[in-house]
Structures are given as C-alpha cells and as structure tokens.
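Chemist: The structure follows.
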Amino acid sequence: MMSPDFNAGAASLLRQIPSVDELLGRPLLRAAEPRWGHRNLTEATRAVLRQLRAEIISGQREEVSLGDLEQQILAEAERVARPSLQPVINATGVVLHTNLGRAPLAAAALERMTTVAGRYSNLEYDLERGQRGKRDQHTDRLFNELLGVERALVVNNNAAAVFLTLNSLAERGEVIVSRGELIEIGGSFRIPDICAKSGCLLTEVGTTNRTRLSDYAGAMNERTRALLRVHPSNFRIVGFTERPHLDDLVELAHRHGVPLIEDLGSGCLMDLAPYGMADEPEAARSVRAGVDVITFSGDKLLGGPQAGVIAGRRELLDRIRANPLFRALRVDKLTIAALTATLALYLDNQIDSIPAQRMIRMRPGEIEPRAAKLAARIETLPGFSATIEAGESVIGGGSTPAQSLPTRLVIVRHAQRSAEQLERLLRQNAVPIIARVERERLQLDLRTVFEDQDEEISRAFERLATSDKEGQ
C-alpha cells in the first residue's frame, strides 16, 4: 500500500505533466513535424504521457523532465512510423525459415522486379502478334528447358497448386492416396482437407508405414479420377516401411487411364545429395518417370518468390488453366518477374547466385573464418565472452526433415545477462537480429547471415556493451 507521502509526491508530479499541445508546440517537436507528421507526433506524445502517468503512480518516476519527454516522443514517433514488415538478420541457421520469409531472393530477381514494377510490361500482351496474350508464356519456356515438361502454370502457393489440380482433374471423383502420405504441414495445411475442399472423395490405402502397389490397384474403380503421391516434406517414417516405386505407380495409373499427380512440396530442381540431402526428390526426375502433373513451391528449395508451380502434360494443364478458380489463384507480375529471373540462374548454372542454394551448399570451412572474426570482436567487449563450436544448421520450410548441415556456431555469454535477455535485446536492435537459445546459451549461426550483415551484428554487441557501461 502506498504511503501518504508517496501519494502527495505522485500527485505533485502528475500536476507537472504538460499537455499534449504544450509539448507539440516546443521547438524540437515543431521541427520534427515535417518528418513524422502531425498525427504521428500527436499519437506518440499521448503514448509517452500515458506511460509517464503509469510510472508516476507506480512510484517508478521521481521527476518530470521536458527534455527527456521530447526525446521519448521522438523515439516513439520513429518506432510507430517504422514499417511493420521489415528486414531482419537471420542468425538461426534455419535456411528456409517460414517465420522469417523463407527464401531470400537473388539480386537478379530483385533487379527484374524493380524493372517490371516501375514501368508497364507485356504481362498479358503478345508482342509478336500485337494482341492479348497469357501470363503463362513467361514461365512455360523456362520450365520446359529445366524440367522437360510440356506446360507449366504458376499460382500463389503450393497449397493452391494442389487444390486447383485436384479440383480441375478429380472433382466429384475419387483420389487414391497412401495413408502414410496424409500429411499436415505448417498453417494446418492437411491433404485430407485439401481433397475435401477441392470436391474430391479421398480414398486411403495401405497403412501408416507400409503401402504396396497392390493396395492402389485394389482400390481402383470406375469413380477413380487420379492417383496422388505426396512427398512427406516435414517428417520421415523409418524402420519397417514400404512404398511403391514411382515407375510402378506411373504404370498403374496409365494402365487404368487416370493421371498420377505428385505433390513434391519443396521444389528441388537439382541433386542435393552431395550436400547431405539425399532424400529430396528432384522435379525433373518425376517428369522423366512419367508423372502426369507435379506441384511444388517456389520459395523453398527453388529459392524464388512465394508461388505454387503446376507442371506436366499439356492436355491436363489446359484443363487446369480453364478452371475459373485459376484467375483467383494466379500470381502478379512481380512474382513472375522474380520467378523467371531465378529460373534463368538455374539455366545459366549460376546456382550460387541464389541465396538459399548458396547457404545450403556452404561448407563449415567457409563459415569458420567469419565466426572466428565475430567471436574475437565480441571477446574484446566488457562482460562478454564468445567461443566457436561445431553445430548443425537445418534447411527448414518443411524440407529435408531429420537431416542437417554441419556448421560453426558462435556461442555468446554475458557476465550478468542471461541468454534469453541477450536474445531479446538483439531482437530490439535497429535491424532485428534473430538468434537461437539452446541449453541456456545464445547461439549465432552465420550460415544464414549475409556477409555484409556480420558488421551489424558486431556493432549490436558493441552497443549492448556501451549501454551496460552507461548503466553502471
């Protein structure tokens, strides 16, 4: 319970609080109005005064300083004006971090987006014939060269790609899928739900861990419209397992005159086995095996923008393209620009120009010198210590579960602050730094940090050390 003396002191301080108009009329805030705007400054002033009143009432504030209030208002105005969506530094070692926007785009993709965004474009205009065209033309040729497919469509994500494909090819019919492939990935994307919403009747075959070709064959009937094969993406079943070979599944589907649809998930366009990712299926391999329609993401292993790709036989793709829902799910010119630029890098064998691919292919020996330099700088700061340890990065984004990439971690400790406190303070940096805390230790994995961001991490720790010294 507050004492009478405290109440009297608090009441006196509350009477000293200036009005909003009085503060906004001070020279420093008047000079800031062109930059932040009158509305933002007014809201910032009200927020700072609300906080001040709360601190006085709770006994946390013993004086009212107009100069301090002005600085707090300016800081609050800057915070409020800052865009909600902003760049961060990903020091988690998760290459395709869904919460951090998955794959960063290549410089060529950014350049192409800027060029297309700032001018008119031939998005749906055939320059040769001088009449209306289709936006599919910009990706068709590239996917044909990369995968050998007859046609490709691009929609806004892979969930949309699977939904549109099933709705177009199997509505009011049965789709046969292995019980072990009824996956759920992030955001409650479930294959059974997608089938139901697309108007298909899902027929489950086999068991969770073992499904044979005979299970598919035994379920075929006059209502069967497609076989669906789903890449597990974010989990693995190991041990006593069985799954039909893709060639056999293709033969069965074609013998019964129905298409085989394969959801590949991550959009792997190249062999990642040399980098420890042996289980990730390549899109071109499925096409060569005779799969009729494949779907996959654009912003995972492909390393491009968020998109869902549908590729395969022209006759089936034409049916999907004719679905009225295609217009609702199609992508805009910026996505097409970024995607075509990324695909061109694959065709030109400039794989290391794609950030996600470069990070995946990075060896520990490339990471260690940078980690050593960062650790050495942190070591010089009062209260801090830093060491380097062997660790593991992951690809993430529902790709290559149970597989990791060897890396080098910078382990940071502080004499007074806990790992959780350090992690929170790094998130509050001007450019937020997202790190990991494991076993009560702060870990920084530079695999997912762009080299030009190393300096910002060093400066962030230097600012923390300076604030510690000023607070003593």
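Chemist: Show me the three semi-axes of the equivalent ellipsoid for region 300-351, from the C-alpha gyration tensor (sqrt of 5 times each eigenvalue), largest first, rounded to whole Å.
Modeler: Values: eigenvalues 112, 40, 15 Å².
Listed largest to smallest, the semi-axes of region 300-351 are 24, 14, 9 Å.
Chemist: Let me spell out the model: positive unit charges on the Cβ of Lys and Arg, negative unit charges on the Cβ of Asp and Glu, origin at the Cα centre of region 297-395. What dipole size does that give, in debye rounded to 20?
Modeler: Values: 14 positive and 11 negative charges, 107 e Å.
Dipole size: approximately 520 debye.
Chemist: Quick one: work out the % antiparallel among DSSP beta bridges in the chain, nearest 5. Display every interim value, and only then the final one.
Modeler: Values: 33 of 54 bridges.
Around 60 percent antiparallel, to the nearest 5.
Chemist: What net charge is computed for the residues neighbouring R61, neighbours being all others with C-beta under 13 Å from the C-beta of R61, Lys and Arg scored +1, Asp and Glu -1? Intermediate results must be reported in sequence, preceding the final value.
Modeler: Details: positive: R50, R53; negative: E55, E62, E63, D68.
Value of the local net charge: -2.
Chemist: Would you mind listing how long region 60-208 runs along its three principal axes, going by Cα atoms, in whole Å with the largest first?
Modeler: Here the spans come out as 74, 53, 30 Å, largest first.
Chemist: Turning to a different aspect of this structure: When the dipole is taken about the Cα centre of the chain, and only Lys, Arg (+1) and Asp, Glu (-1) are charged at their Cβ, what size is it in debye, to the nearest 20?
Modeler: Numbers: 60 positive and 63 negative charges, 158 e Å.
Value, rounded to 20: 760 debye.
Chemist: Measuring from label point to label point, each 7 Å out along Cα→Cβ, what is the N99 to A75 span in nm?
Modeler: Going by the 7 Å Cα→Cβ label model, 2.6 nm.
Chemist: In addition: Which whole number in µm²/s is D for region 107-353 by Stokes-Einstein, with the Kirkwood Rh taken over Cα pairs at 10 °C and 1.306 mPa s? Intermediate results must be reported in sequence, preceding the final value.
Modeler: Values: Rh = 18.6 Å.
Diffusion coefficient, whole number: 85 µm²/s.
Chemist: If you average the sequence gap of Cα pairs under 8 Å that are 6 or more apart and divide by the length of region 107-353, what percent do you get for the contact order?
Modeler: Numbers: 446 pairs, mean separation 66.8, N = 247.
It comes to 27 percent, rounded to a whole number.
Chemist: In addition: For L110 and R132 in one chain, what is 0.36 nm times their gap in residues minus the Cα-Cα distance, to one decimal in nm?
Modeler: On the way: separation 22, 0.36 × 22 = 7.92 nm, distance 2.67 nm.
So the extension gain works out to 5.3 nm.
Chemist: Pop the C-beta distance of R30 and E222 into the FRET formula with R0 = 56 Å and round what comes out to the nearest 0.05.
Modeler: Values: r = 79 Å, r/R0 = 1.42.
Efficiency at R0 = 56 Å is approximately 0.10.
Chemist: How big is Rg to Rh over region 409-449, alpha-carbon atoms, Rh as the Kirkwood inverse-mean-distance radius? Please report the intermediate quantities before stating the final value.
Modeler: Working: Rg = 9.8 Å, Rh = 10.4 Å.
Result for region 409-449 is an Rg/Rh of 0.94.
Chemist: Sticking with this structure for a sec: Using a Förster distance of 45 Å, how high is the FRET efficiency between A47 and D193, based on the Cβ-Cβ distance and rounded to 0.05?
Modeler: Details: r = 42 Å, r/R0 = 0.94.
Computed FRET efficiency for A47 and D193: 0.60.
Chemist: Could you pull the Rg and Dmax for region 318-472, using just the Cα atoms, both in Å?
Modeler: 20.4, 71
Chemist: What percent does the relative contact order of region 79-221 come to when contacts are Cα pairs within less than 8 Å and at least six residues apart?
Modeler: Working: 121 pairs, mean separation 20.0, N = 143.
This gives 14 percent for region 79-221.
Chemist: With contacts defined as alpha carbon pairs under 8 Å and 6 or more residues apart, what's the relative contact order of region 219-358 in percent? Write out the running numbers ahead of the final one.
Modeler: Working: 167 pairs, mean separation 25.2, N = 140.
For region 219-358, the relative contact order is 18 percent.
Chemist: On a full-extension model of 0.36 nm per residue, what is the gain between A11 and A415, subtracting their alpha-carbon distance, rounded to one decimal in nm? Don't skip to the answer; put the middle values down first.
Modeler: On the way: separation 404, 0.36 × 404 = 145.44 nm, distance 3.97 nm.
Taking A11 through A415 to full extension adds about 141.5 nm, to one decimal.
Chemist: Among I354, L52, F296, whose Cα projects farthest towards the positive end of the dipole of the chain, with charges put on the beta-carbon of Lys, Arg (+1) and Asp, Glu (-1)?
Modeler: F296
Chemist: Can you tell me the Rg and the Dmax, both Å, for the Cα atoms in region 57-132?
Modeler: 23.8, 77
Chemist: Can you give the FRET efficiency to the nearest 0.05 for T208 and R439, using r as the Cβ-Cβ distance and R₀ = 35 Å?
Modeler: Working: r = 33 Å, r/R0 = 0.95.
About 0.60, to the nearest 0.05.
Chemist: Give the residue from L123, P244, V177 lying farthest towards the positive end of the charge dipole for the chain; charges sit on Cβ (+1 for Lys and Arg, -1 for Asp and Glu) and the dipole is referred to the Cα centre.
Modeler: L123
Chemist: Using alpha carbons only, how many angstrom separate the centre of region 75-123 from the centre of region 379-452?
Modeler: Going from one Cα centre to the other spans 22 Å.
Chemist: Another one. Given the alpha-carbon gyration tensor of region 4-81, what are the semi-axes of its equivalent ellipsoid in whole angstrom, ordered largest first, with each equal to the square root of 5 times an eigenvalue?
Modeler: Working: eigenvalues 129, 27, 16 Å².
After scaling each eigenvalue by five and taking roots: 25, 12, 9 Å.
Chemist: Could you give the length gained by full extension between D21 and R82, i.e. 0.36 nm per residue of separation minus their alpha carbon distance, to one decimal place? Show your work: numbers first, answer last.
Modeler: Values: separation 61, 0.36 × 61 = 21.96 nm, distance 2.39 nm.
Using 0.36 nm per residue and subtracting the Cα-Cα distance, I get 19.6 nm.
Chemist: For the chain, taking Cα atoms only, what is the radius of gyration to one decimal and the Dmax to the nearest whole Å?
Modeler: 28.3, 91
Chemist: How big is region 123-262 on each of its three principal axes, counting only the C-alpha atoms and giving the largest first in Å?
Modeler: Between the extreme Cα coordinates on each principal axis of region 123-262 lie 58, 35, 29 Å.
Chemist: With N set to the residue count of region 286-385, report its C-alpha Rg divided by 2.2 N^0.38 Å to two decimal places.
Modeler: Values: Rg = 20.8 Å, N = 100, 2.2 N^0.38 = 12.7 Å.
Expressed relative to 2.2 N^0.38 Å, the Cα Rg reads 1.65.
Bear in mind these aren't lab numbers, they're just calculated from the coordinates by the rules spelled out. As the structure is a prediction and not an experimental result, all values here were calculated from the model. Every residue, glycine as well, gets a Cβ built from its backbone with ideal geometry; the counts of neighbours run over all protein chains shown.
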